[in-house]
Amino acid sequence: MNNETQSKMEKIVSLCKRRGFIFPGSEIYGGLAGTFDYGPLGVTLKKNIQNTWWKHFVTDRDDMYGIDADILMNPRAWEASGHVSGFSDPLVECPKCHRRFRADHVEKKDGVQHCPEDNTVLSEPRQFNMMFKTNIGATEDPNSISYLRPETAGGMFVNFKNVVDSIHPKMPFGLAQIGKAFRNEIAPRDFVFRLREMEQMEIEYFCHESKWEETFEELRKEFKKWMLSIGLNEKFIHEVEIGDGDRAHYSKRTIDFEFDFPIGQKELAGLAYRTDFDLKQHSEFSKVDLSYFDEETKERYIPHCIEPSIGVERTILAVLTSAYKEEVVGDETRTVLSFSPSIAPIQVAVLPLSKKDELSGPAKDITKRLSKIARVQYDETQSIGKRYRRQDEIGTPYCVTVDFDTLDDLAVTVRDRDTMNQDRIKIDELEAYISKKLGL
Ligand code: GAP
C-alpha cells in the first residue's frame, strides 16, 4: 500500500467515524476485530443500497421471489453444501509470538514464510474451518452443534421446494435474499473489507441446464447495471474470469467483479454457475426430492443455478471509494462525498440563514413539505459556509437556503453539491424542482 492510497483509506475511515457512518464494533471495550457498527447516516446509506438492489432484482422483475431464512440452520445443510468439510483457509502460526496468519497473505522469502512481526519461520499451513460453531439448547455436546451461516445461499436452496409448492413459479426463476453471514476470518482487516460479521445480497437463479450460459450472461449485465446505478465508478470495476482450481468447489464458471479499492484491486462480488450441485446435495442429504416438473415440456429435472453474490459492506466501501473527493476551493480544501441521490442518506438539507423565527419558521415548513418526497434534514447550527461543508462531507446533493430575501420574493436558493451552482427557486415550485433533480 503506497502513502497516497493508504491515506485515502484512512481519510474514508476517519470521515465515517467523524460523521456517524461507521464505528469500530464495541469500541468502548477496545473493539472486537472484524466487527463494525453503523451510525445514523451509515445505516441509512446501507438500507438505501439494499433497497435499490431489492428493487432492481426483485420488485421490478416478475421472475424473482424474495425470501428471508434464519441464520441458524440444521447443521446437515452445511454438511450437504460442503462447508463442514471444505470451507477453510490455510492457517500458519508463529511458534514464537503465536500470532496466526492466512498462509496466502504472507509472502515467501527463498521459499520460506516468516512471521511479519518477528521474522521467525512460520509453521506449515493447516486448514482452518471458517464457520462459527455454536450449541443449540442447554447441552453442549457434538449433537447440539450448529453454525452461524457462512453465506445466505443455503437458506434459499433448502426453501426451493417450499417456494415451488406454494408460489408455483415457472422456470426460469430466482430466489433473492439479503441477510447476515458470518465467517471466522483468520485475519479480518482493511476496515469493512474483510469482516467476521457481514451482510450479503444474493440471488440463486434456477434454470434448465441448457439455458445456463444465456442466463449467466443476462445476470452479468444486470449486476453491472445495478452497480453503475448506485454510482460505482465504472473505471474501477474489472470483470475477472476465475480459472480452474481457483473456483469454489461448487462452481463450473465464476466471474469476480473486482474493484479498485484504496487497498488495491480486490473482489467486490462474484457471479458463479453453481450447476445442480446444491439441489442435488440437499436432495441426497435430506432425502427430499428437489426436482422440478416443467408442465409445458413435461420434463422433470434438477434445475441448474446461477448465483450473483455481493457483500453489503464491500459495496459500501466501493461506494465511498467512488464518491470520495477533495477539491480546492479558494484557499481551502472541501471534502465531498458525491453519492448518487438514490442512496444519499440525506437528499436535501434545509438551512435558514438565521435562527430567528422569521426564517426558521418558513424553513421548517419547507422541511415538512419536502420530507413527503425526500430524505430531508433541517440544520440551523453554525455559519452557512460550515453547514455547506458539513453537507458536502456527508454527501447531501442539494442544500435549500432560506434567507432574508425569501420574505419578499417567496423564493429560496438551491445549491448543487457537485457544481456548487445556485438557483433561485420559488417556494411554490420547489417540490417539483427537487423531484426532478432527484430523479423521483
Ligand atoms: N454464496 C457465495 C459466496 O458466499 P463468496 O465469494 O465467499 O461467495 C460473496 O462471498 C461476497 O460476500 C463477496 O464477493 C464479498 O462481497 C462478500 N464477502 C465475503 N467474505 C467477506 C468478508 N469476510 N467480509 C466482508 N465481505 C465478504
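The values are calculated or read from the model by the stated rules, or taken from the named source; none is laboratory data. Everything numeric here is computed off the predicted structure, so don't read it as measured data. Methodologically, a virtual Cβ is constructed for each residue, glycine included, from the backbone with ideal geometry; neighbour enumeration extends over all protein chains shown.
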- prompt: From VAL412, VAL400, which residue is touching a residue at least 40 places away in the same chain (Cβ under 8 Å), surrounded by 16 or more Cβ atoms within 10 Å (Cβ to Cβ), over 28 Å from GLY231 (Cα atoms) and touching a strand residue (DSSP E or B) at 6+ places or on another chain (Cβ under 9 Å)?
  reply: VAL412
task: Would you kindly identify the strands (runs of 3 or more DSSP E) lying entirely within region 296-414 that contain at least 2 residues that are within 30 Å of PRO188 (Cα to Cα) and of a type in the set (A, V, I, L, M, F, W, C)?
output: 304-311, 332-337
field: Inter-residue pairs, beta-carbon under 8 Å, first over 26 Å from PRO24 (Cβ atoms) and in region 43-68, second of a type in the set (D, E, K, R) and not in a loop (DSSP other than H, G, I, E, B), 6+ apart
entry: HIS56/GLU222; HIS56/LYS225; PHE57/GLU222
statement: Note: among ALA323, ALA272, just one is of a type in the set (Gly, Ala, Ser) and within 15 Å of the ligand (Cβ to nearest atom), namely ALA272
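If we keep just the residues of region 69-98 that are free of Cβ contacts under 8 Å to residues at least 40 places away in the same chain and out of contact with any Asp or Glu (no Cβ under 8 Å at 6 or more places or on another chain), which is surrounded by the most Cβ atoms within 10 Å (Cβ to Cβ)?
Within region 69-98, the subset free of Cβ contacts under 8 Å to residues at least 40 places away in the same chain is 85, 90, 92-98.
From the residues that got through so far, the ones that are out of contact with any Asp or Glu (no Cβ under 8 Å at 6 or more places or on another chain) too are 93, 95, 98.
Numbers: GLU93: 18, PRO95: 10, HIS98: 8.
In this case the residue turns out to be GLU93.
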query: Just a yes or no: is a residue in region 7-26 exposed (fewer than 15 other Cβ atoms within 10 Å of the Cβ), hydroxyl-bearing (Ser, Thr, Tyr) and modelled with pLDDT under 95?
result: yes
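Confirm whether LYS161 is assigned by TED's automatic domain parsing to the domain that holds ALA269, assigned to a loop (DSSP other than H, G, I, E, B) and either of a type in the set (Gly, Ala, Ser) or more than 16 Å from the ligand (Cβ to nearest atom) (or both).
Values: assigned by TED's automatic domain parsing to the domain that holds ALA269: yes; assigned to a loop (DSSP other than H, G, I, E, B): no; either of a type in the set (Gly, Ala, Ser) or more than 16 Å from the ligand (Cβ to nearest atom) (or both): yes.
No.
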Count of region 117-158 residues which are touching a strand residue (DSSP E or B) at 6+ places or on another chain (Cβ under 7 Å), more than 16 Å from the ligand (Cβ to nearest atom) and part of a loop (DSSP other than H, G, I, E, B): 5
query: Which numbered condition trips up THR120, out of (1) in contact (Cβ under 8 Å) with a residue 24 or more places away in the chain; (2) assigned by TED's automatic domain parsing to the domain that holds LEU271; (3) surrounded by fewer than 19 Cβ atoms within 10 Å (Cβ to Cβ)?
result: (2)
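Each row is one residue, and each column tells you yes or no for (1) more than 13 Å from the ligand (Cβ to nearest atom); (2) at pLDDT 95 or above; (3) among the small types (Gly, Ala, Ser).
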position: PHE191; (1), (2), (3): no, yes, no
position: GLN200; (1), (2), (3): no, yes, no
position: SER229; (1), (2), (3): yes, yes, yes
position: ASN233; (1), (2), (3): yes, yes, no
position: VAL240; (1), (2), (3): no, yes, no
position: GLU267; (1), (2), (3): no, yes, no
position: GLN281; (1), (2), (3): yes, yes, no
- prompt: Do we have any residue at all in region 354-375 that's in contact with a Phe, Trp or Tyr (Cβ under 9 Å, 6 or more places away or on another chain), within 30 Å of VAL163 (Cα to Cα) and hydrophobic (A, V, I, L, M, F, W, C)?
  reply: no
- prompt: Looking at this structure, is PHE277 more than 9 Å from the ligand (Cβ to nearest atom), buried (at least 18 other Cβ atoms within 10 Å of the Cβ), farther than 22 Å from MET156 by Cα and not small (Gly, Ala, Ser)?
  reply: no
